[in-house]
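The values are calculated or read from the model by the stated rules, or taken from the named source; none is laboratory data. For clarity, every value in this text was computed on a predicted model and none was experimentally measured. Because the Cβ atoms are built from the backbone with ideal geometry, glycine has one as well, and the counts that use them run over all protein chains shown.
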Amino acid sequence: MDKKEISNLYEKYLRGDCTLKEEKLLEDFLESFQHQKIKFEEENEEYKNNRGLRILNNIKFEIQDREYKSVWKRRVLKYAAMLTILLVSGWIIYQTNLPQPENKKAEIAYITKSTQKGQRLELVLGDGTSIKINSESELTFPEKFIGNKREVFLKGEAFFEVKRDEKRPFIIRTENVTTRVLGTSFNINSYPGENEIQVAVVSGKVQVVSDENRKTDAVILTAEEMATYHKGKKDITKSRHDSDLTAWRDGILLIKGENFTEIIAILERWYGVEFQLKKPVVLESEFYGRYNNENLDNILKTLSYAGGFKYKLKNKRVIIY
């Protein structure tokens with residue numbers, strides 16, 4: 001019998017219009033369904049943990065505890081209870097066999113790769129995306145990409161060469177900014193504590209969005225373009241860039257007119273050292289330098305001439321005096 005036939009027969013029974021043959025048909029059907037429900041319970045280990053099943057277990061057949069004035073009322077309540085089991089059990093079986101939505105947060109294992117000062121790291125993700133992580137940075141990504149997107153989380157600086165996938169965009173989440181691509185190469189600089197976040201594109205197309213103003217602050221970048229998010233103003237500006245911005249991935253250190261305090265921070269991050277100043281240092285003129293895998297001592301010699309100081313380098317500590 002289909003759903004409509006069962007419903008019609010049950011309504012007819014409640015009105016007292018069923019023939020003996022129809023009553024027997026309804027009773028046989030409900031009894032048959034009970035056997036199917038029992039079999040379902042035995043074959044499903046998680047049956048008793050299902051919320052709907054707990055509802056079934058709590059159904060109290062009050063017809064066993066009450067006195068009714070007529071046999072007809074008792075039989076009506078009996079079949080009403082049995083039909084309740086039929087409907088609820090049917091719902092449970094239906095829900096159990098539905099494909100369950102993915103609980104990504106619970107099921108996906110995440111991996112975090114980090115670098116200390118003076119370290120750089122290269123890795124390839126499961127989708128073929130190649131990433132170079134700069135010093136004092138952290139990248140978190142899933143062990144395996146699942147679903148319709150590829151999402152990672154970055155603190156610090158990294159260069160991405162994303163494997164193209166039209167169906168699954170690659171998303172990088174940083175402080176205040178989300179970067180979305182299909183397949184391209186670009187650099188992201190997002191160190192905590194710094195005033196700006198920079199996204200510079202080498203090839204392809206990239207979308208950069210402010211997490212605070214998604215509708216108004218969204219820019220599309222192509223090759224040799226960059227977006228700068230200003231943390232103070234909470235806005236994004238678009239401009240051109242040159243290859244210097246990504247020179248770090250080739251082992252090239254650039255100093256481009258920063259003050260002495262900023263230069264110290266650059267050298268600490270690049271070489272993994274700590275500076276200790278015994279005297280204040282002010283550069284008489286702007287300092288520029290391009291160093292290709294240069295050792296720290298050579299840079300300090302050049303810098304000491306410009307700043308008029310002496311230094312000692314010992315055990316990852318630089319003492320300025």
Checking the condition surrounded by fewer than 19 Cβ atoms within 10 Å (Cβ to Cβ), closer than 21 Å to Lys155 by Cβ and under 30 Å from the mean Cα position of the chain (by Cα), which residue from Glu224, Glu262, Glu212 passes? Glu212
If you go through the range 137-144 one residue at a time, do you hit one that is on the phi < 0 side of the Ramachandran plot, buried (at least 20 other Cβ atoms within 10 Å of the Cβ) and either of a type in the set (Ser, Thr, Tyr) or touching a helix residue (DSSP H, G or I) at 6+ places or on another chain (Cβ under 6 Å) (or both)? yes
Please specify each residue of the range 279-296 satisfying the condition of being under 17 Å from Ile320 (Cβ atoms) and either at pLDDT 95 or above or surrounded by 12 or more Cβ atoms within 10 Å (Cβ to Cβ) (or both). Val281, Leu283, Phe287, Leu296
Pick out the one residue from Val219, Val199 that is at pLDDT below 95 and hydrophobic (A, V, I, L, M, F, W, C). Val219
So which residues in the range 176-197 are free of Cβ contacts under 8 Å to residues at least 40 places away in the same chain and part of a loop (DSSP other than H, G, I, E, B), if there are any at all? Leu182, Gly183, Thr184, Pro192, Gly193, Glu194, Asn195
Subset of the range 231-247 [surrounded by 14 or more Cβ atoms within 10 Å (Cβ to Cβ) and part of a strand (DSSP E or B)]: Asp235, Ile236
Say whether the condition of being hydroxyl-bearing (Ser, Thr, Tyr) and more than 30 Å from Gly183 (Cβ to Cβ) is met by at least one residue in the range 246-269. yes
Checklist (1) modelled with pLDDT under 90; (2) assigned to a loop (DSSP other than H, G, I, E, B); (3) exposed (fewer than 11 other Cβ atoms within 10 Å of the Cβ) applied to Lys167, failing item: (1)
